[in-house]
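Shown next, in structure tokens, is the structure this report addresses.
The values are calculated or read from the model by the stated rules, or taken from the named source; none is laboratory data. Quick caveat: nothing in here was measured; it's all calculated off a predicted structure. Don't worry about glycine lacking a Cβ; one is built from the backbone with ideal geometry, like all the others, and counts go over all protein chains shown.
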Amino acid sequence: MESLYLLIPLALVIFAIIVAALFWAVRSGQFDDLEREGTRILFDDDLEGKDDQ
Amino acid sequence: MNDTCFHCNDPIPENLNLTVEYQGDRKPVCCVGCQSVAQLILNGGLSAYYAHRDAPAERPDRVADDSAVFDDAAFQAAFCQPCQGSLVEAALLVDGINCAACAWLIERHLGAIDGVDQVRVNVARKRLVLRFNVNSVKLSRIVSSLSDIGYQVSPWSENSLEALSAEQGKRLLFKLGLAGIAFLQVMMFAVALYAGDYSGIDESHQSLMRWFSLAISVPVVLYSASPFFIGALSAFKARSLTMDVPIAVAIALAWSASIWATVTRSGEVYYDSVVMFTFFLLAGRYLEHLALHKEHGERGRLSSWLPDRAYHQARGWVPALSIVVGDVVRVSAGDPFPADGMIISGQTHADESLLTGEHKPIAKSLHDEVLAGTVNVDSVVEVRVTATGEQCGAGRIHQLLVDAMDAKPPITQLVDRISGWFVGSILLIASVTYWVWYQTEPNHALWVALSVLVVTCPCALSLATPVALTSSVHGYRDRNILVSNTSAIPELGGIQTVIFDKTGTLTLGRPSVVRVNNLSAFDSDYLFRVAAGLEAFSNHPIAKAFNAASPIPFASAEVVVGKGVEGRLEDDHWQIGRPLWLDSSSNSTADVALARNGVILIEYFLEDEIRQGGRDAIEQLKSLGVEVKLASGDKLDSVTTTATYLGIEDFKSECTPEEKYQWLLSLQKMGRRVMMVGDGLNDVPVIGAANVSVAMASGAGLARCHADVIVMDERLDAFPEMIRFARRTQQKIIQNLAWALGYNALALPLAVMGFVPPWAAAIGMSASSLVVVLNALRLSR
């Protein structure tokens, strides 16, 4: 069980990294337009289908 | 054969046979504009737009190509920023963006232009940010290619309210995300600790996990939960009890008790409950914010009702904001006046329907006054500016409206009324519980009191109304009704009287041909096509009545100011206009006539046509128990005709805005809840004072901007529909309130008796909120 003394602080570090990543994502506008990004993949698929013809 | 336009879903006029080819089929379109836009999109390999869009496009109106302004450096300064090298970033507001497919279409279409470096479209804000190379492409070229696919742009001006709410949204999202991530992490330790309680745990391990739970909960309590503490603090200052008070008390108590337990290595810790509680509450707040933010955006856009640019005599195109009193501006035919002023050269007609609702243009000659926002109809004039911005006539009406809105009684919601004493009783019950338990079992007293606070948290109660309203707004949107003020929905359900304006509301607001008198041997149909060919050269509102499928093309034609249009076709001289102009001896009563070589061939009688489905809609309103009235600035006979046709018994004609306002007030004094439907700027004060105000999408900008509800597709049967839907929403709200109160009534005794541990209380609280939210969401489908 001694490993806990290493693993739990490590979890805290990872927690900090994830929070920093979230902070960056919110600041840089990754969540500004949720409507648009959800459908982006549909369109690009179609366009490639068209190029193949 | 479907009879709506492939591109814009408008109904297709009779005898029109325009089509585009899509996936091997010929699809009908409603006008040449739609045809060319659709053709361009399909030929450009962008047909996926039609496959994936979930809202029809807007009908592209023929507009004068004024994209040249966009190249003017002074004009660009307001919305463009240089970035590295010769790249410039421009922010534009794009009219007509309805769904993600529009964004894709614009990005693809502009991306294909040489020199365009980057295109980003935000659907929700209708905002286009584009980075382009000034050396290889002109902004005007980009703007006009957008206009080719049916989108009109104007410079983006940040609406301060919207910017503020976007900033708040980002902060709230970060708080929510932080609480969510911390929630997962603390839960891991919590499971270990709970398991340890049953199967035994080494005390050093228990302490370790408690300390790390504490570390993770610090940012959550101090940062994520700060809105609740701030809210509670300001409630204390205002000596009132809001929902934030028990929340803040619960979080603060549970957290400090946990810290005490951690430091002294005794008792219980509640980090998991604290973080979970904060997370669920913030999730509710965030959803509420999303709905509000959308509303701010819509309002900001609708308020742009004055032109954003003006042609200064000396300086060329300038932003309209930079114009001052005494400047001389040139206004071309078809453009709105950017400010109030006096004509110093030229003569023209002005369409003042924005202010007066009267669609017949008014003659303006030297030294006559013109008003900001009204439209210069037929020729170029120079105007000396006498008032700008808030000082101009339209601005004063705006002020009137603001005053009227202030006088409007605030809509108090049931929850607001009861939440005060509700919160008070929660705090009281929790303290009493603590005291009673402390007498008998002191080491259980704290967590029982906490459970009481958490389990009775009036979240479900506070969510019940706003969530139902938000969801109802989405339901309205699917019906093409835009609700810009959610508090109008509960009012809508209780509406007892509807007052309609006539022009532009019950009627189309533009003249159309109702009767012809053919004096010649020519086919009427052929003559109508000739008339349409001539009128194509005119901007006059009357010209819109002559919209034939295939007009006879004139190589050239001349607009004679205030009279009509004349042109040559082979060897014949054709004229269309007032009968007296065509033939000075004429005693015709027709509004417009067509003549060949000075001989009148056909007479046209024009009238403002009543919208389709009017009679049925009025009938439905009456069957809902709603009184229908009509107030118009028009003449008695024309109002009588309309009212009789529609079956409206109570009507007033030749009303001034003041009279309409008084009528409304007298009805309200009789205790009736009144809905006002209007579209002209003259209706604006009335719109401000009505319990609910509705405008048509094509109405004056200011009327739309302040109406609670806007009918986007201008159907008259939207009125009974919106009242029915509002009543359904009200039912939903009552269901939700009943559920939330019922849950609290049941959970409270259990918690007081100590059957509910804090974590179960937090789950119960969230589950109850979830039920309320899900029930409300059923409204939006």
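Looking only at region B:17-53, count every residue that is within 14 Å of another protein chain (Cβ to nearest Cβ) and part of a helix (DSSP H, G or I) and tell me the total.
8
I'd like the full set of residues that are modelled with pLDDT of 70 or more and out of contact with any Lys or Arg (no Cβ under 6 Å at 6 or more places or on another chain), limited to region B:59-73.
At the first step, the residues of region B:59-73 found to be modelled with pLDDT of 70 or more are B:67-73.
Those that are modelled with pLDDT of 70 or more and out of contact with any Lys or Arg (no Cβ under 6 Å at 6 or more places or on another chain): B:67, B:68, B:70, B:72, B:73.
For region B:548-559, enumerate the residues that are in contact (Cβ under 8 Å) with a residue 60 or more places away in the chain, surrounded by fewer than 20 Cβ atoms within 10 Å (Cβ to Cβ) and either in contact with a strand residue (DSSP E or B) (Cβ under 6 Å, 6 or more places away or on another chain) or not in a loop (DSSP other than H, G, I, E, B) (or both).
Selection gives nothing.
For region B:163-191, which positions are among the basic types (Lys, Arg) and at the interface with chain A (Cβ under 9 Å from one of its Cβ atoms)?
Within region B:163-191, B:170, B:171 qualify.
For region A:28-37, give me the residue count where each residue is within 7 Å of chain B (Cβ to nearest Cβ) and modelled with pLDDT of 70 or more.
Residues flagged as within 7 Å of chain B (Cβ to nearest Cβ) and modelled with pLDDT of 70 or more within region A:28-37 amount to 4.
Considering only region B:570-597, state which residues are crowded, with 16+ Cβ neighbours inside 10 Å and of a type in the set (S, T, N, Q).
Within region B:570-597, B:575, B:586, B:588 qualify.
Name the residue that is nearest to residue B:270 (Cα to Cα), counting only residues in region B:192-217 that are away from chain A (no Cβ under 12 Å) and touching a residue at least 24 places away in the same chain (Cβ under 8 Å).
Checked region B:192-217; the qualifying residue nearest to residue B:270 (Cα to Cα) is B:193.
What's the number of the condition residue B:106 fails, among (1) under 19 Å from residue A:34 (Cα atoms); (2) modelled with pLDDT of 85 or more; (3) among the hydrophobic types (A, V, I, L, M, F, W, C); (4) surrounded by fewer than 19 Cβ atoms within 10 Å (Cβ to Cβ)?
The one condition residue B:106 does not meet is (4).
Any residue at all in region B:120-140 that is buried (at least 18 other Cβ atoms within 10 Å of the Cβ), outside the structural domain of residue B:50 (by TED's automatic domain parsing) and assigned to a helix (DSSP H, G or I)?
Within region B:120-140, one or more residues are buried (at least 18 other Cβ atoms within 10 Å of the Cβ), outside the structural domain of residue B:50 (by TED's automatic domain parsing) and assigned to a helix (DSSP H, G or I).
Return the total of residues in region B:614-661 being in contact with a Gly (Cβ under 9 Å, 6 or more places away or on another chain), within 19 Å of residue B:509 (Cβ to Cβ) and of a type in the set (D, E, K, R).
Of the residues in that region, 4 qualify.
If I filter region B:78-102 down to residues being within 14 Å of chain A (Cβ to nearest Cβ) and in contact with an Asp or Glu (Cβ under 8 Å, 6 or more places away or on another chain), which single residue comes out as surrounded by the fewest Cβ atoms within 10 Å (Cβ to Cβ)?
B:98
When both residues are 6+ apart or on different chains and their Cβ atoms are under 9 Å apart, which pairs have a first residue that lies in region B:247-274 and is polar (S, T, N, Q), and a second that is surrounded by fewer than 18 Cβ atoms within 10 Å (Cβ to Cβ) and assigned to a helix (DSSP H, G or I)?
B:262/B:207; B:262/B:211; B:266/B:260
If I filter region B:228-235 for residues that are touching a residue at least 40 places away in the same chain (Cβ under 8 Å) and touching a helix residue (DSSP H, G or I) at 6+ places or on another chain (Cβ under 7 Å), do I get at least one hit?
yes
Tell me the strands (runs of 3 or more DSSP E) entirely within region B:471-547 that contain at least 2 residues that are modelled with pLDDT under 85, surrounded by fewer than 20 Cβ atoms within 10 Å (Cβ to Cβ) and of a type in the set (Lys, Arg).
B:507-518
Just to be sure, is residue B:179 surrounded by fewer than 18 Cβ atoms within 10 Å (Cβ to Cβ) and not in a loop (DSSP other than H, G, I, E, B)?
Taking the combined requirement at face value, the residue does not satisfy it.
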